[in-house]
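The values are calculated or read from the model by the stated rules, or taken from the named source; none is laboratory data. Please read these numbers as outputs of a predicted model, since none were measured by experiment. Cβ coordinates were reconstructed from backbone atoms using ideal geometry, including for glycine residues, and neighbour counts include every protein chain displayed.
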Amino acid sequence: MPVNFKVKGILDNWKKGDFPNNQMVEIVLGDHSLNNDGLICITPQLASNFEVDEAIDSLIEQLEIVRNQAKKNIRKTNKKIRDL
């Protein structure tokens with residue numbers, strides 16, 4: 001299953017001379033598809049309890065990864081801004 005979530009920070013491209021601020025991040029969809037009703041899907045179609053469990057476990061795992069990425073992004077960017 002592709003990674004469905006990514007971290008995007010408002011100051012990811014901050015450079016010396018830019019206005020110093022605190023980093024803020026958003027968790028965004030990195031990959032998705034639309035179903036026939038035009039709704040965003042973050043899993044493939046699921047046809048059994050096993051498939052549901054696998055898909056949900058994968059999403060939880062991806063969210064834990066993106067949680068850590070978001071915290072690291074905030075910490076790293078704020079340190080970069082404060083250390084100049």
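All but one of (1) hydrophobic (A, V, I, L, M, F, W, C); (2) modelled with pLDDT under 95; (3) surrounded by 11 or more Cβ atoms within 10 Å (Cβ to Cβ) hold for ILE40; state the number of the condition that does not hold.
Here ILE40 clears every test but (3).
To keep it simple, each residue is scored yes or no on (1) of a type in the set (Asp, Glu); (2) free of Cβ contacts under 8 Å to residues at least 24 places away in the same chain.
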| site | (1), (2) |
| --- | --- |
| ASN36 | no, yes |
| LEU39 | no, yes |
| PRO44 | no, no |
| ALA47 | no, yes |
| GLU51 | yes, yes |
| GLU61 | yes, yes |
| GLU64 | yes, yes |
| LYS72 | no, yes |
| ARG75 | no, yes |
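Looking only at segment 43-54, which residues are surrounded by 13 or more Cβ atoms within 10 Å (Cβ to Cβ) and either at positive phi or not hydroxyl-bearing (Ser, Thr, Tyr) (or both)?
LEU46, GLU51, GLU54
From the set of residues in segment 12-30 that are touching a strand residue (DSSP E or B) at 6+ places or on another chain (Cβ under 9 Å) and assigned to a loop (DSSP other than H, G, I, E, B), which is surrounded by the most Cβ atoms within 10 Å (Cβ to Cβ)? Give the derivation first.
In the first step, residues of segment 12-30 are kept if they are touching a strand residue (DSSP E or B) at 6+ places or on another chain (Cβ under 9 Å); the result is 12, 23-30.
If we keep only those that are assigned to a loop (DSSP other than H, G, I, E, B) as well, we get 12, 23-24, 30.
Working: ASP12: 11, GLN23: 19, MET24: 12, GLY30: 15.
Across segment 12-30, the extreme among qualifying residues is GLN23.
Would you call ASP57 surrounded by 10 or more Cβ atoms within 10 Å (Cβ to Cβ), free of Cβ contacts under 8 Å to residues at least 12 places away in the same chain, charged (D, E, K, R) and out of contact with any Phe, Trp or Tyr (no Cβ under 7 Å at 6 or more places or on another chain)?
Values: surrounded by 10 or more Cβ atoms within 10 Å (Cβ to Cβ): yes; free of Cβ contacts under 8 Å to residues at least 12 places away in the same chain: yes; charged (D, E, K, R): yes; out of contact with any Phe, Trp or Tyr (no Cβ under 7 Å at 6 or more places or on another chain): yes.
It is true that ASP57 is surrounded by 10 or more Cβ atoms within 10 Å (Cβ to Cβ), free of Cβ contacts under 8 Å to residues at least 12 places away in the same chain, charged (D, E, K, R) and out of contact with any Phe, Trp or Tyr (no Cβ under 7 Å at 6 or more places or on another chain).
Residue by residue, here is whether (1) in a strand (DSSP E or B); (2) polar (S, T, N, Q) holds:
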{"position": "LYS8", "(1), (2)": "yes, no"}
{"position": "VAL52", "(1), (2)": "no, no"}
{"position": "GLN62", "(1), (2)": "no, yes"}
{"position": "ALA70", "(1), (2)": "no, no"}
{"position": "ARG75", "(1), (2)": "no, no"}
{"position": "ASN78", "(1), (2)": "no, yes"}
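Which one is modelled with the lowest pLDDT among residues in segment 56-76 that are polar (S, T, N, Q) and in contact with a strand residue (DSSP E or B) (Cβ under 6 Å, 6 or more places away or on another chain)?
Restricting attention to segment 56-76, the residues satisfying the condition of being polar (S, T, N, Q) are 58, 62, 68-69, 73.
Imposing the further condition that a residue be in contact with a strand residue (DSSP E or B) (Cβ under 6 Å, 6 or more places away or on another chain) reduces the set to 62, 69, 73.
Values: GLN62: 94, GLN69: 97, ASN73: 97.
Checking each candidate, the answer is GLN62.
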